[in-house]
1. So LEU344 passes all but one of these: (1) in contact with a strand residue (DSSP E or B) (Cβ under 7 Å, 6 or more places away or on another chain); (2) within 8 Å of the ligand (Cβ to nearest atom). Which condition number does it fail?
2. State which residue is nearest to PRO467 (Cα to Cα) when the search covers only segment 354-381 and only residues that are assigned to a helix (DSSP H, G or I) and either among the aromatic types (Phe, Trp, Tyr) or touching a strand residue (DSSP E or B) at 6+ places or on another chain (Cβ under 9 Å) (or both).
3. When you go through (1) near the ligand (Cβ under 10 Å from one of its atoms); (2) buried (at least 21 other Cβ atoms within 10 Å of the Cβ); (3) in a loop (DSSP other than H, G, I, E, B) one by one for TYR351, which number turns out not to apply?
4. Out of segment 278-302, which residues are more than 16 Å from SER318 (Cβ to Cβ), more than 18 Å from the chain's Cα centre (by Cα) and within 15 Å of the ligand (Cβ to nearest atom)?
5. If a residue counts only when it is surrounded by 14 or more Cβ atoms within 10 Å (Cβ to Cβ) and in contact (Cβ under 8 Å) with a residue 40 or more places away in the chain, which helices (runs of 4 or more DSSP H) contained entirely in segment 97-204 have at least 3 such residues?
6. In segment 42-74, what count of residues is obtained for those that are modelled with pLDDT under 65 and closer than 14 Å to MET90 by Cα?
7. If ARG222 satisfies all but one of (1) under 22 Å from VAL442 (Cβ atoms); (2) crowded, with 17+ Cβ neighbours inside 10 Å; (3) not β-branched (Val, Ile, Thr), what's the number of the condition it fails?
8. Return yes when THR395 is near the ligand (Cβ under 10 Å from one of its atoms), modelled with pLDDT of 95 or more and β-branched (Val, Ile, Thr) and no when it is not.
Amino acid sequence: MLLTITTTYQPADDLGYLLHKNPDSCSSFNLSFGQAHVFYPEASDARCTAALLLDVDPVGIVRNRKGPPGEGRSLFQYVNDRPYVASSFMSVALAQVFGSALKGRSRERPELAETPIPLRAKLSALPCRGGEAFLRRLFEPLGYHVTAAGHPLDETFPDWGESRYYTVELEAHTRLKDLLTHLYVLIPVLDDEKHYWVGKDEIEKLLSFGGEWLAVHPERDRITQRYLRYQRRLTREALDRLLEDAPELEREEEARDTEEEAVERRISLNEQRMGTVMAALRGSGAKRVLDLGCGEGQLLRRLLDDRAFTEIVGMDVSYRALERAKEKLKLDRLPEMQRERIRLMQGSLIYRDDRLSSFDAAAVVEVIEHLDPPRLASFERVLFEFARPGTIVVTTPNVEYNANFESLPAGRLRHRDHRFEWTRAEFRAWADGIAERFGYGVTYLPVGPEDPQHGSPTQMGIFSLSPGSAA
Ligand code: SAH
């Protein structure tokens with residue numbers, strides 16, 4: 001089983017510093033299931049390729065098998081594809097052989113480790129349960145250009161059809177650490193088997209390697225489920241922790257309990273929504289962020305608690321809402337360092353406003369449905385054409401899900417002030433149109449429990465400015 005990683009970043013042989021492996025020599029490592037070898041088929045200034053060759057010992061993996069007690073040994077344990085394909089063995093090898101690179105550490109090139117560079121990974125044989133379509137759904141939302149060549153089950157018997165093995169190339173402009181963590185988590189997810197018993201500590205690995213991107217991946221739930229081998233309790237816990245906020249949430253003890261809150265409370269949808277928005281903002285790497293239609297500051301409080309955000313601006317059309325936000329955030333009593341990070345301002349999203357320009361990201365959480373449909377076009381230009389932050393996170397109710405709220409009479413919207421609530425198809429049509437017109441890419445994410453028929457209660461679109469179409 002062979003994995004190669006190629007870069008054309010110059011000087012390309014800096015890849016050796018990032019991987020902590022000298023391009024001039026070959027190194028070998030003993031692992032519990034066999035050996036790993038690292039060498040460089042090419043290493044010049046212009047192009048450098050590192051290869052990780054896994055030599056899995058088929059007898060060793062049976063001998064060292066850790067499994068639930070009572071699991072018998074069958075012929076399958078001795079005769080199987082494990083030595084030849086990328087599987088959880090590859091993930092273990094990545095962690096043991098490229099451990100520092102996986103964590104983004106490089107003593108000689110710390111800045112390069114944090115810099116997106118052109119990278120191409122090639123896996124000689126990757127088993128994809130779910131086929132090429134699933135392979136694409138996993139890697140394309142992470143920004144990869146995916147090339148996959150399928151292999152027939154047996155060349156002498158073409159009638160037997162395709163196997164689940166693919167030779168796969170993944171290309172992206174990304175940090176090496178990101179490429180490695182994506183491979184680490186997603187190879188076993190595609191393979192859908194694990195050579196070791198999955199226990200609670202797997203949640204920690206998943207969160208530490210997936211934390212930044214998994215919470216906002218459109219296939220988040222399936223990735224988590226498969227990674228944790230369909231153990232429902234573990235999956236639930238992992239998803240809760242992926243979406244929860246780091247800081248302890250103050251319980252909202254609000255007298256003003258709107259219909260919307262009452263309808264959504266049982267599932268604490270609001271918290272999941274805020275957690276997912278935070279994950280999207282963190283994942284974008286934004287430092288200066290706008291919360292547009294910030295209301296009473298629920299998102300602002302979470303942003304303040306995360307030091308990654310150095311400048312936070314909340315805007316709302318309602319003066320009263322801003323007063324409440326100021327009180328709730330205790331802005332007057334914040335230490336100066338904290339106070340300097342945040343500003344509140346009154347303004348309307350349907351008017352062009354220079355104060356909104358030059359931010360890294362904007363969140364528009366449960367706001368668009370409050371705008372009159374004829375005003376929506378102005379809002380689109382104000383945000384996507386003039387303010388034009390690199391990342392825009394928009395959430396809005398999915399009206400299809402309303403059928404699942406028992407307390408909501410059929411045909412009623414969730415809140416008196418909502419001007420519309422969209423189906424999933426309507427939201428996508430709107431967002432696809434905007435992305436196209438203004439040069440953004442868009443990915444979609446369900447938020448809250450997913451109903452097989454009606455989808456999830458909240459729908460989210462994450463827009464990112466396509467490279468080359470900046471302001
Ligand atoms: N984002 C907050 C509040 C959502 S409620 C949260 O998720 O908790 C919708 C908010 O949008 C209200 O605070 C309302 O005052 C604000 N809003 C409505 N129309 C607006 C406009 N044209 N410009 C700015 N804010 C607006």
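1. (2)
2. Going through the qualifying residues, I end up with LEU356.
3. (2)
4. The answer is VAL289, LEU290, ARG301, ARG302.
5. Correct list: 99-102, 131-139, 176-191.
6. Result for segment 42-74: 1.
7. ARG222 satisfies all of (1) under 22 Å from VAL442 (Cβ atoms); (2) crowded, with 17+ Cβ neighbours inside 10 Å; (3) not β-branched (Val, Ile, Thr) except (2).
8. In short, yes.
The values are calculated or read from the model by the stated rules, or taken from the named source; none is laboratory data. Since the model is a prediction, treat every value here as computed from it, not as a measurement. Virtual Cβ from ideal backbone geometry, glycine too; neighbours counted across all protein chains shown.
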